[in-house]
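**Student:** A single structure is presented below for examination.
The values are calculated or read from the model by the stated rules, or taken from the named source; none is laboratory data. Note that the structure is a prediction, hence the values are computed from the model and not measured. We place every Cβ from the backbone using ideal geometry, glycine too, and count neighbours over all the protein chains shown.
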Amino acid sequence: MKNKLNILTLIATLAIFSACSSEPEMTYADLGSEEYPQKFYMEYVPCTYGENWSVENFNSDMLPEWQDLLVETNSTLVAAYGITFEGEKPEDAPGDGFWQLVWNSKADAEAGWETWEGYDKTAEWADSTADILACGSKADTFSFDAYVRRDGNSLGTFDPTAFSSDYQQCLYNEGQGADELIAVIDQFEEWIEASDSSIYAPYGYVVLAPDYEDEEVDLFWGNFNQNAELREAGNSYFAETGADIQEAFNEVLSCEEPVDYNSGIIPLT
């Protein structure tokens, strides 16, 4: 739903990280339903640039020690990304971007954070690199159950080093809920299967259910495209061919305008 809820994963370049490495094998927790065969626990840690911020300083002085600390703490982190605003930063933004953490479960996330925040070296690392990038603690983090209907590379293979993501904050309309949303997503999936994906591929999407109390949001809808140009091409194509699906989404959800991000992977090793 490209206004679809104008629609993959919040992730990372707190400018575009150029570090390269082999990527860890992705595994999935089982949600136990045909509608959402993949479920993750995703967290977004607000980060703010320090006076010595640069991609070069991040890659040479900050990233390697973070990777070493993941090993030392036996982290079960599945993936990590960086995200920065594509346009001007909103006035109410909690930082300059986010360090996104992807876990297989909330239990993994809680255990990971407990070990991380109880390990002296992690605090030393955070203090010593705050002039490059200062990120929040577990208490500052936005956490979500993340439901993924299809493999992210099912419509073409993403280059994870630099891609475009956008997210919409949504509330269910009166009398509407998850069952109604899943029914419309079924329609959206049929449209995807029948569409000319060469116009906008690769493409993916995610539904994020907040694991915190907020009367202003029931869920976030996230879209992923390789770049802004393909995102706009996909939005235009959906507007031309999927208007009935957009109407169905609008009956279920009321959403704010999407926020666009530059995204990229933060290698774990």
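**Student:** Which condition number in (1) farther than 19 Å from Leu268 by Cα; (2) among the hydrophobic types (A, V, I, L, M, F, W, C); (3) over 22 Å from the mean Cα position of the chain (by Cα) is the one that Leu69 fails?
**Tutor:** Against the list (1) farther than 19 Å from Leu268 by Cα; (2) among the hydrophobic types (A, V, I, L, M, F, W, C); (3) over 22 Å from the mean Cα position of the chain (by Cα), Leu69 comes up short only on (1).
**Student:** Name the residue, out of Ile245, Ile265, that is in contact with a strand residue (DSSP E or B) (Cβ under 7 Å, 6 or more places away or on another chain) and buried (at least 18 other Cβ atoms within 10 Å of the Cβ).
**Tutor:** On the way: Ile245 fails: in contact with a strand residue (DSSP E or B) (Cβ under 7 Å, 6 or more places away or on another chain).
Residue meeting the stated conditions: Ile265.
**Student:** Of all residues in segment 207-219, which are surrounded by fewer than 17 Cβ atoms within 10 Å (Cβ to Cβ) and closer than 17 Å to Lys39 by Cα?
**Tutor:** Result: Ala209, Pro210, Asp211.
**Student:** Give Asp127, Asp145, Asp166, Asp186 a once-over and let me know the one that is among the acidic types (Asp, Glu), modelled with pLDDT of 95 or more and touching an Asp or Glu at 6+ places or on another chain (Cβ under 9 Å). Please lay out each step first, then the result.
**Tutor:** Numbers: Asp127 fails: touching an Asp or Glu at 6+ places or on another chain (Cβ under 9 Å); Asp145 fails: modelled with pLDDT of 95 or more; Asp186 fails: modelled with pLDDT of 95 or more.
The unique qualifying residue is Asp166.
**Student:** Would you point out the residue of segment 107-147, among those that are among the aromatic types (Phe, Trp, Tyr) and over 18 Å from the mean Cα position of the chain (by Cα), that is nearest to Gly50 (Cα to Cα)?
**Tutor:** Ranking the qualifying residues of segment 107-147, first place goes to Trp125.
**Student:** Does any residue in segment 99-120 that is among the basic types (Lys, Arg) come within less than 8 Å, Cβ to Cβ, of a residue that is assigned to a strand (DSSP E or B) and crowded, with 18+ Cβ neighbours inside 10 Å six or more places away or on a different chain, and which pairs are these?
**Tutor:** Lys106/Tyr41; Lys106/Ser143; Lys106/Asp145
**Student:** Given Gly152, Gly222, which one is surrounded by 17 or more Cβ atoms within 10 Å (Cβ to Cβ) and in a loop (DSSP other than H, G, I, E, B)?
**Tutor:** Every option except Gly152 fails the conditions.
**Student:** Right, another one. Which ones in segment 167-206 are part of a strand (DSSP E or B), under 17 Å from Asp218 (Cα atoms) and in contact with a helix residue (DSSP H, G or I) (Cβ under 8 Å, 6 or more places away or on another chain)?
**Tutor:** Selection gives Tyr172 alone.
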